[in-house]
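Data block below; observations after.
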Amino acid sequence: MSRLRIGWLGRGSPLGRQLLASIMLFSAVVSCIATAVQLFTDYQRDVQALEDRLEEIHTSYAPGIEESIWLLDEAQLQVQLEGITTLPGIAFARVDSAIGTHYLAGSTPGAKRELTRSIPLFRGNMYLGLLQVGASLEDIYVRLQSRVLIILMTQAVKTFLVALFALFIFHQLVTRHLATMAAYARGLHVERLDIPLKLERRPPKENSRDELDDVSAAFNEMRESLQCELHERQRAERASFFLSEAGAVLMESLDQEKILPRIAALSVQTLADWCVIDLREGEKLHRVGGAHIDATKLPLLDELQRRYPPLPDSKALPATAMRTGKPVLVSHVSPTELRALCVDDAHFQLLLEIGLTSCLSVPLISRGQVLGAITLSLASPERSYGPADLELAQELARRAAIAIENARLYQQAERAIRLRDVFVSVAAHELRTPLLPLRLRLQSILRKSARAPSALDLDWLVRELTVAEHQTWRLGQLVDQLIDASSLSSGQPLELHRKQVDLCAVVEGVLDSMQQQIHASGSELIRKLQGPAVGDWDPRRLEQTVSQLVHNALKFGQRKPVEVSVVPGAKSVRLVVRDHGLGMPEGNMARLFERFSRGVSDRHYGGLGIGLYLVKHQVEAHGGTLSVESQPGEGSTFTVELPVSGAA
């Protein structure tokens, strides 16, 4: 009992005390009302019994009294009155006769708590007197008072016991669980969010949940919500910190061969168990970074790269991500799925040793171009990748792609600066080459004319002026090339002035103007001109094209024959310039027509490096095509196809 009082009536249970007080107060009010109703009913019943007794006196005793008064038998009358007072509750009986006599039995009339009945007495129609009978209410009030005490004491004891029982039941069913919930809520901490609220009660049956079950479920739902929110906040903080570290690494250097392996190592510390980074170089994939959380498995990654390098058309996740330009996420990699990604059983066993249970690959995209892919993998089945991890990996890939693009732009800028410096140096040399002999010849003419103007040999003067004119023509060609290259670099197309032109005539004119260069080259020039070959072309641009191709052939012909042929067709004309000299490997032909590009080293052969670049654009401006065939040591063949019509 002491434990009961302390447990759910003590200071630790204010709700129990309030419930007990409320029950007792309510029970007291109800008991009072019920007692009052019961006492009033008993009072009405007792009063009604007195009324019935008085009526019985009226019907039973009144005729006898009337007879005694008629006979003037006072003794009999007194006996009758005494008999009436012996009835229960009758206090007195009194007769006032018509002749003025009075007879009284019992107490004196006039008490406060009396019920009086007056009964007239007659003999036939003769009035004999008045019988007054008084019933006392004192006994009724005494009984009611004693009954009130008994009822109130009984109701009080019953109410208290019922209240205690109700409080005990309420404690067992409600308040102790509320105390458990309060203690759980007070002890709730970020480190204890994984502990659910459990009440010491039987688990609810199906479709029999009560309010406590709902409250407990709400507590656990709130806990799970807080836990999810906490995990999400912690994940966001880790992601922010990781991206901050990655950004710092990406900003340290513009050398992608240095920063990408560090990004792979940083990813292993945060996102993955192992990571590889592949870059696209033309039609091939190049792995530039790889890291594993287990240092003993790094040789396995190297073996994977050596034996099974990434291929653009393979089923590997990096190749798929780069082909589609979209991220690839495989949350759970089953052995069957892993085997489907492998080339053979050895590849499968190697990946099993490295460990692969979940993986994702995101493309490195910058300005709409896929540069490569970052592949993150997990080796433990306890973890798996989800949408949040994919989102973080995509953000990492976006920043890495920007860094790679910046590094490549920086390298391109460096190459462009080097090319510019080389070009300026070569251009200065090329411009100085015709200027020096021109200057010497002009100085010679001036000296001779100053010493003996009349003795000048006219034939010698014409020869000297002819050579000087050729040097100025060569200078004009170089200047035109520089102007055209500058226009094309700024995005402006070449300007054409079309008219009907015979390509054979243009070739003849160019070859005639290059007789001195042809003679100096030591190569025999063979003309195969099947004219006429007329088309709607710009003659000046055609002259530049023919001159550059022939100059190229003489330059690299190694004193072997050079063939220039023109073959007309129904819709196009073909110009072919072929030499049998140096030639070039196939790898050099892919970039032969790029600006500042050369098929051979510029240390042994001069030139601006823009001649064939301009030829290609001149031909394409006419709507034609330019192609080359070459073998080292066998020479090169350049073929120009020009449409006859003027549509470009």
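What the table shows:
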| quantity | calculated |
| --- | --- |
| Violating pairs (Cα-Cα greater than 22 angstrom) within the set LYS284/LYS616; LYS499/LYS616; LYS571/LYS616 | LYS284/LYS616 |
| Protein accessible area in the chain, 1.4 Å probe - carbon and sulfur % | 57 percent |
| Entry for Kirkwood radius over Cα pairs in Å (calculated from the structure that is shown) out of [x] 38.7; [y] 34.7; [z] 26.0 | [x] |
| Backbone HN-Hα couplings from phi across region 308-323 [Karplus 6.51/-1.76/1.60, Hz, Gly and Pro as x] | 10, x, x, 10, x, 9, 7, 7, 4, 4, x, 5, 5, 4, 6, 5 |
| Net lengthening on full extension, ASP96/GLU495 (0.36 nm per residue, minus Cα-Cα) | 127.8 nm |
| Relative contact order of the chain, defined on C-alpha pairs under 8 angstrom at six or more residues apart (%) | 7 percent |
| Set of lysines near LYS297 by C-alpha distance (under 25 Å), chain-local residues within fewer than 8 positions excluded | LYS258, LYS315 |
| Surface per residue (accessible, 1.4 Å probe) for the chain, Å² | 57 Å² |
| Amide N proximity, region 149-178 versus LYS198 label position 7 Å along Cα-to-Cβ, cut-off under 18 Å | 177-178 |
| Restricting region 165-252 to trypsin sites (Lys or Arg not before Pro) in coil, as DSSP defines it, with at most 16 other Cβ within 10 Å | LYS198, ARG201, LYS205, ARG209 |
| Exposed-site-free run, longest, the chain (rule: GluC sites (Glu not before Pro); DSSP loop; at most 11 other C-beta within 10 Å) | 1-199 |
| Per residue convex hull volume, Cα atoms of region 236-285, in Å³ | 84 Å³ |
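The values are calculated or read from the model by the stated rules, or taken from the named source; none is laboratory data. Predicted, not measured: the structure shown is a model, and the values here were computed from it. Glycine also receives a Cβ, built like all others from the backbone with ideal geometry; neighbour counts cover every protein chain displayed. What goes into the accessible areas is simple: the full protein's heavy atoms, side chains included, and nothing from ligands, DNA or RNA. Shrake-Rupley method; radii C 1.70, N 1.55, O 1.52, S 1.80 Å.
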